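The values are calculated or read from the model by the stated rules, or taken from the named source; none is laboratory data. All figures in this text were calculated on a predicted structure; none of them were measured in a lab. All Cβ positions, glycine included, derive from the backbone under ideal geometry; neighbour counts span all protein chains shown.
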Amino acid sequence: MPDESEISPLALSILELLDERPMHPYELASTMRDRHQDEFIRLNFGSLYHTVEVLERSGWIVPSEREKEGRRPERTVYRLTDSGRDMLVRVISDILSQPRREYQHFSAGLMFMHHLTAHQAADHLRSRAVALQAKHEKLSGILSELHANGLRRLALIELEHKIAMLDAERKWVTDLEKEILDGRLEWKAGMASGTEGLRRRHVSSTH
């Protein structure tokens, strides 16, 4: 049985949707896509069915009925158990209250950016800022559409947060690009490994 720290965003989404009403896996996937939750979780049918099986083995969801429509294969409808609801509340509480160490590709790119020339780095950052702006505009459009369809702000708060983080990152990346081009950020391609090692030891000691 997975513990709270091993509950994936996909598993959390399944528990949350089943807290609304019983559903079969196809309906779960459709609802996630309708609500654009696939912007925040890695969603495919293979991982969905595997996660459903894990949650069932853990006793957090159980089959409630089997549904048959025409020539379609029989579908199992799942419902949330009391222990599943308790786990859902505990995991959400933990995520909101306790920051977790997250490993992101962009952080790794920044860490090793000095292996590029200053102009190469600035060009790549400019491209990232353009991509971030495009993503910001796409999600802002989705948010407006969902609001127009009657969804409350609380139901879309994670999308609002994502948009705010995209905007903040775009501004930070744009400022960093300008610092590099203006020469305000001291640049030395291929910085000494000893300096990097000292910095990493300092960062590690703070966690």
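Listed by first and then second residue, the pairs with beta-carbon distance under 8 Å, at least 6 apart or on different chains, first residue in the stretch 43-58 and surrounded by 12 or more Cβ atoms within 10 Å (Cβ to Cβ), second assigned to a helix (DSSP H, G or I) and among the charged types (D, E, K, R), are Leu43/Arg33. Every test in (1) among the β-branched types (Val, Ile, Thr); (2) more than 30 Å from Met32 (Cβ to Cβ); (3) modelled with pLDDT of 95 or more is passed by Thr195 save one, and that test is (3). All conditions but one from (1) surrounded by 11 or more Cβ atoms within 10 Å (Cβ to Cβ); (2) under 29 Å from Thr31 (Cα atoms) apply to Met113; the one that does not is (2).
Being under 28 Å from Ile157 (Cβ atoms) and assigned to a helix (DSSP H, G or I): is that true of Leu125 here? Taking the combined requirement at face value, the residue does not satisfy it. Here is a check on your reading of the model: is Gln120 touching a residue at least 12 places away in the same chain (Cβ under 8 Å) and assigned by TED's automatic domain parsing to the domain that holds Leu166? Taking the combined requirement at face value, the residue does not satisfy it. Of the helices (runs of 4 or more DSSP H) that lie entirely inside the stretch 21-115, those containing 2 or more residues that are under 28 Å from Glu169 (Cα atoms) and modelled with pLDDT under 95 span 25-34, 82-97, 105-111. Only residues that are under 25 Å from Leu159 (Cβ atoms) and small (Gly, Ala, Ser) were counted across the stretch 20-65, and they come to 3. Against the definition (touching a helix residue (DSSP H, G or I) at 6+ places or on another chain (Cβ under 6 Å) and assigned by TED's automatic domain parsing to the domain that holds Glu16), how does Leu80 come out, yes or no? So Leu80 fits the description; yes. Quick check on the stretch 117-131: of everything there that is touching an Asp or Glu at 6+ places or on another chain (Cβ under 6 Å) and crowded, with 18+ Cβ neighbours inside 10 Å, which residue is nearest to His36 (Cα to Cα)? The selected residue is Leu125. Is one or more of the residues making up the stretch 38-60 touching a Lys or Arg at 6+ places or on another chain (Cβ under 6 Å) and not acidic (Asp, Glu)? No, there is no match, as no residue in the stretch 38-60 is touching a Lys or Arg at 6+ places or on another chain (Cβ under 6 Å) and not acidic (Asp, Glu).
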